[in-house]
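Report on the structure given below.
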Amino acid sequence: NEGVFSLAKFNNAYNVCGKNLCKIRTIQNLSQADLARKAQLEGLNVDKKTISLIENGKRGFQDYEILCFARALGVPASYILEGIPEA
C-alpha cells in the first residue's frame, strides 16, 4: 500500500524524543492538556492522550508534528530531537 508504513520499535519505544518533549513541557510548567491546546493553535490535531502516548514512547510522531510542538513551545525543533543543550 502506497503511503502506509510499518513503524518499528527502537529501544522498546516508537520514538526517541518523547522524553525530550516531556522535559521541555515540564520545564515550562505546562500540563499535557496545555501543550495539546498550544499545538492545536499551530494546526496539529492532538489531545492530552496523544501527548501522553508520545511522551511515553507508545506512539511515534512525524516531522511536521515535531515542528508544530517546537513552535507551540517556542523552542528550536532540535531541542525536541536532541534534547536541551547543557549550559
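What's the number of the condition residue 27 fails, among (1) within 18 Å of residue 81 (Cα to Cα); (2) crowded, with 16+ Cβ neighbours inside 10 Å; (3) modelled with pLDDT of 95 or more?
Residue 27 satisfies all of (1) within 18 Å of residue 81 (Cα to Cα); (2) crowded, with 16+ Cβ neighbours inside 10 Å; (3) modelled with pLDDT of 95 or more except (2).
Pull out all pairs, ordered by first then second residue, where Cβ-Cβ is under 7 Å, the residues are six or more apart or on different chains, the first lies in the range 24-37 and is in contact (Cβ under 8 Å) with a residue 12 or more places away in the chain, and the second is of a type in the set (D, E, K, R) and outside any loop (DSSP other than H, G, I, E, B).
Short answer, once both residue conditions are applied: 32/48; 33/48; 35/25; 36/48.
Sort out which residues of the range 32-87 are within 13 Å of residue 15 (Cβ to Cβ) and hydrophobic (A, V, I, L, M, F, W, C), and write them in order of number.
Matches in the range 32-87: 51, 53, 54, 61, 66, 69, 80, 81.
For (1) aromatic (Phe, Trp, Tyr); (2) touching a residue at least 60 places away in the same chain (Cβ under 8 Å); (3) surrounded by 14 or more Cβ atoms within 10 Å (Cβ to Cβ), each residue gets a yes or a no:
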{"site": "40", "(1), (2), (3)": "no, no, yes"}
{"site": "53", "(1), (2), (3)": "no, no, yes"}
{"site": "61", "(1), (2), (3)": "yes, no, yes"}
{"site": "65", "(1), (2), (3)": "no, no, yes"}
{"site": "70", "(1), (2), (3)": "no, no, yes"}
{"site": "77", "(1), (2), (3)": "no, no, yes"}
{"site": "83", "(1), (2), (3)": "no, yes, no"}
{"site": "86", "(1), (2), (3)": "no, no, no"}
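Output yes when any residue across the range 8-16 is at pLDDT 95 or above and buried (at least 17 other Cβ atoms within 10 Å of the Cβ), and no when none is.
no
Pull out all pairs, ordered by first then second residue, where Cβ-Cβ is under 7 Å, the residues are six or more apart or on different chains, the first lies in the range 1-17 and is hydroxyl-bearing (Ser, Thr, Tyr), and the second is modelled with pLDDT of 75 or more and open to solvent by 100 Å² or more (accessible area, probe 1.4 Å).
Partner pairs satisfying both residue conditions: 14/58.
The values are calculated or read from the model by the stated rules, or taken from the named source; none is laboratory data. No experiment lies behind these values; they were computed from the predicted model shown. Quick reminder, even Gly has a Cβ in these numbers, built from the backbone with ideal geometry, and neighbours come from all protein chains shown. To get the accessible areas, we keep the full protein, side chains included, count just its heavy atoms, and leave off ligands, DNA and RNA. Shrake-Rupley method; radii C 1.70, N 1.55, O 1.52, S 1.80 Å.
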